[in-house]
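The values are calculated or read from the model by the stated rules, or taken from the named source; none is laboratory data. Model, not experiment: these values are computed from the prediction. Here the Cβ positions follow ideal geometry from the backbone for every residue, glycine too, while neighbour counts run over all protein chains shown. Note: accessible area is taken over every heavy atom of the protein model, side chains too, but ligands, DNA and RNA are not part of it. Shrake-Rupley method; radii C 1.70, N 1.55, O 1.52, S 1.80 Å.
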Amino acid sequence: MRIGVIRAKVTNCETSSELWAEIEREADEIVAKYELLEINKRPAVAQTRALYRALGKDPNRYRVASEALCRRVIRGLGLYRIDTLVDMINLVSMKSGYAISGLDGDKLVGDMLTMGVGEDGEEYCGIGRGLLNIAGMPVYRDAVGGVATPTSDEERTKITIDTCTLQMNINGFGPEMPMEEAVSWSVELLRKYANATEVECDIISVR
């Protein structure tokens, strides 16, 4: 497992036509490259799904976010246009195959995030999903509780138009795009579209 970690001061805003054009080009490439039933065989997606199964979670019921994005594009449903930070993260997720946690760093409680496994009855409100059963999912927690899983981030720490500090975790449970490339491209996009400053990056490897 390799996790690309990025933290930066940012300026969020409505998604520009230039960024949206990049997203649409990538969506077109996904449609040209994959059939619907092939998305779950992408290396990064397949390994995350395998992790879900190993932890007792059904990856067909609780889809990996990158898989869900690509499936939506292939089915011709299009992508929601939300804001610069969220749409940029979706772009990186589609291209890399990695599920990405995008959090408002100023809403995180405490001085660290830990990763563990969701427990039965653990309260977690997924963005746009309501209460989400995260038992058996990999989950990031701050001092209060869960903030992110590969299926959905939590409402409490979600990105809004007012987000000034971005915490971005690129979850490589299996290799696809080289993690160094995913991190450097993400930073490039953040600087180009969100005026990112005070950028801190790291890649955490776990064996």
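As a test of the formula, what do you get for the chain when each DSSP H run with n ≥ 4 contributes -39,500 (n - 2.57) and the sum is divided by the residue count, at 222 nm and rounded to the nearest 500 deg cm²/dmol?
On the way: 5 runs with 68 residues, N = 207.
The helix contribution divided over the chain gives -10500 deg cm²/dmol.
Solvent exposure of the chain amounts to 48 Å² per residue of accessible area, where only protein heavy atoms count and the probe is 1.4 Å. Applying 1/(1 + (r/R0)^6) with R0 = 30 Å to the Cβ-Cβ distance of Glu35 and Asp58 gives a FRET efficiency near 0.85. Computed with a 1.4 Å probe on the full set of protein chains, the accessible area for Thr157 sits at about 0 Å². When only Cα pairs below 8 angstrom with a gap of at least 6 residues are kept, the chain shows a relative contact order of 38 percent. A simple charge model with +1 on the Cβ of Lys and Arg, -1 on the Cβ of Asp and Glu and nothing else charged puts the dipole of segment 69-181 at about 580 debye relative to its Cα centre.
For the chain, the dipole from Cβ point charges (+1 on Lys and Arg, -1 on Asp and Glu) about the Cα centre works out to 660 debye, to the nearest 20.
Comparing Leu103, Leu85, Leu132 in a Gaussian network model of the chain, where Cα atoms under 10 Å apart are tied by springs, the biggest mean-square fluctuation is seen for Leu132. Here the convex hull built on the C-alpha positions of segment 60-120 has a volume of 136 cubic angstrom per residue. By the Cα gyration tensor, segment 1-113 has an equivalent ellipsoid whose semi-axes, rounded to whole angstrom, run 24, 22, 11 from largest to smallest.
What residue among Asp83, Asp162, Asp104 shows peak mean-square fluctuation when the chain is described by a Gaussian network model with Cα springs under 10 Å? Maximum among the listed residues: Asp162.
For Tyr80, the solvent-accessible surface computed with a 1.4 Å probe is close to 150 Å², ligands and nucleic acids excluded.
For Ser16, the solvent-accessible surface with a 1.4 Å probe is about 50 Å², rounded to the nearest 10.
Take the solvent-accessible surface of the protein heavy atoms, probe 1.4 Å, and return the percent of it on the chain that carbon and sulfur atoms account for. For the chain, the apolar C and S fraction of the accessible surface comes to 50 percent. Given a 10 angstrom Cα cut-off, can you work out which residue in Lys158, Lys95, Lys41 is the most mobile in a GNM of the chain? Per the Cα network of the chain with a 10 Å cutoff, Lys41 tops the list. Of the GluC sites (Glu not before Pro) found in segment 114-162, the ones in coil according to DSSP and having at most 14 other Cβ atoms within 10 Å of their Cβ are Glu119, Glu123. Given their separation in residues at 0.36 nm each and the Cα-Cα distance between them, Cys164 and Asn195 gain 10.1 nm when the chain is fully extended. Rounded to the nearest 20, the Cβ-based charge dipole of segment 1-89 about its Cα centre (Lys and Arg +1, Asp and Glu -1) stands at 660 debye.
Considering only Ile89, Thr151, Trp185, and ranking their Cα positions along the charge dipole of the chain that arises from unit charges at the beta-carbon of Lys, Arg, Asp and Glu, the one farthest toward the positive end is Thr151.
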